[in-house]
Every structure is written in C-alpha cells, then in structure tokens.
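Worksheet: one structure, shown below.
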Amino acid sequence: MARAAASARRLGSAAAFAAVLACGVADAAPVITQLGADRVVIDTPPGYSDTAFIGSPRLNEFAESLVPEGNRILVFALSDADVRRFSAGDTPDLRRVLLLTVPRAMARERESAAQFVAMSREVFGNVGERARQARIH
C-alpha cells in the first residue's frame, strides 16, 4: 500500500512538472501563416495573445477597421488581460494591440529591403490616427 501511494505521488509530481513545461510552451504560441510560397512563423511578444482562436466577428471587424482596405491581417493580438476580459464577456481596454498586416497585392511577391522600408514609411504615416479613431462595440 505504501509503495502504491509513493508511486502515485511520483506520477502526480511528474504530471505537474509536465503541465508547467506545457504552460511555458503555450505562453509562446507562434502564429503560422502563409505568404506566397513561404510559410512564416511569427511569435507574439510576451503578454500578448493572438485572437484567431477566439473566432469573434466583433474582434475581426475591429482589426479590419484599423488597417487600410486591401490589406491582409497576418496577426491581430491583444494583451492577455484584454483576451481574458473579452472571453469573460467584458469589454477589453484595447490600450495596446499588436497588428501585423501585408498589402494583399504584395502578399505573393518578394521585396527588397529598400522596397520594404519605402512601404513601411508610407503605411506607418497614418496608422496612429486610425487606431485613435477606431472603437470596438
């Protein structure tokens, strides 16, 4: 009987250790997307979670309202606290969001570094204003 209890404790400890390891991996869940012929893996920064798993039309509409028409959203992530609020039925604060997009017309093309810099300057010129005007209902 004592051996069975000791064995159960060891298995319980091993399961707890495995759960802790799994939490670390789940925290850094990468987002995998296809860009043309390339598969791209994007890690969200610590404290942010990709919203794709939620499948919410409201969040999708909010993300779309932040980007110019014709752009494809690769990643839309909220702070972990906002994901918890939204999942509980509360309104998220949306003070900080992570949004990674690519122009649809360029999604299948490769670009040089100079082309990327030029496009970035053009895009980032009005992103802040769009974010200030957008609201989620």
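The values are calculated or read from the model by the stated rules, or taken from the named source; none is laboratory data. As the structure is a computational prediction, the values presented were derived from the model and not from experiment. We place every Cβ from the backbone using ideal geometry, glycine too, and count neighbours over all the protein chains shown.
For Val67, the requirement of being touching a residue at least 12 places away in the same chain (Cβ under 8 Å) and among the aliphatic types (A, V, I, L, M) is met.
Do we have Gly55 as loosely packed, with under 15 Cβ neighbours inside 10 Å, of a type in the set (Gly, Ala, Ser), touching a helix residue (DSSP H, G or I) at 6+ places or on another chain (Cβ under 9 Å) and closer than 24 Å to Ile32 by Cβ here? Answer is no for this residue. Tell me, yes or no, whether the stretch 65-85 has at least one residue that is exposed (fewer than 11 other Cβ atoms within 10 Å of the Cβ), over 26 Å from Arg39 (Cβ atoms), modelled with pLDDT under 90 and not acidic (Asp, Glu). Scanning the stretch 65-85, I find no residue that is exposed (fewer than 11 other Cβ atoms within 10 Å of the Cβ), over 26 Å from Arg39 (Cβ atoms), modelled with pLDDT under 90 and not acidic (Asp, Glu), so the answer is no.
Filtered by the rule that a residue be farther than 22 Å from Ala107 by Cα, acidic (Asp, Glu) and not in a helix (DSSP H, G or I), the stretch 47-92 gives a lone residue, Asp90. Scan the stretch 79-121 for residues that are among the hydroxyl-bearing types (Ser, Thr, Tyr) and either under 23 Å from Pro46 (Cβ atoms) or touching a Cys at 6+ places or on another chain (Cβ under 7 Å) (or both) and jot them down. Selection gives Ser79, Ser87, Thr101.
Restricting the stretch 16-49 to residues that are surrounded by 14 or more Cβ atoms within 10 Å (Cβ to Cβ) and in contact with a helix residue (DSSP H, G or I) (Cβ under 9 Å, 6 or more places away or on another chain) leaves a set whose member that is modelled with the highest pLDDT is Tyr48.
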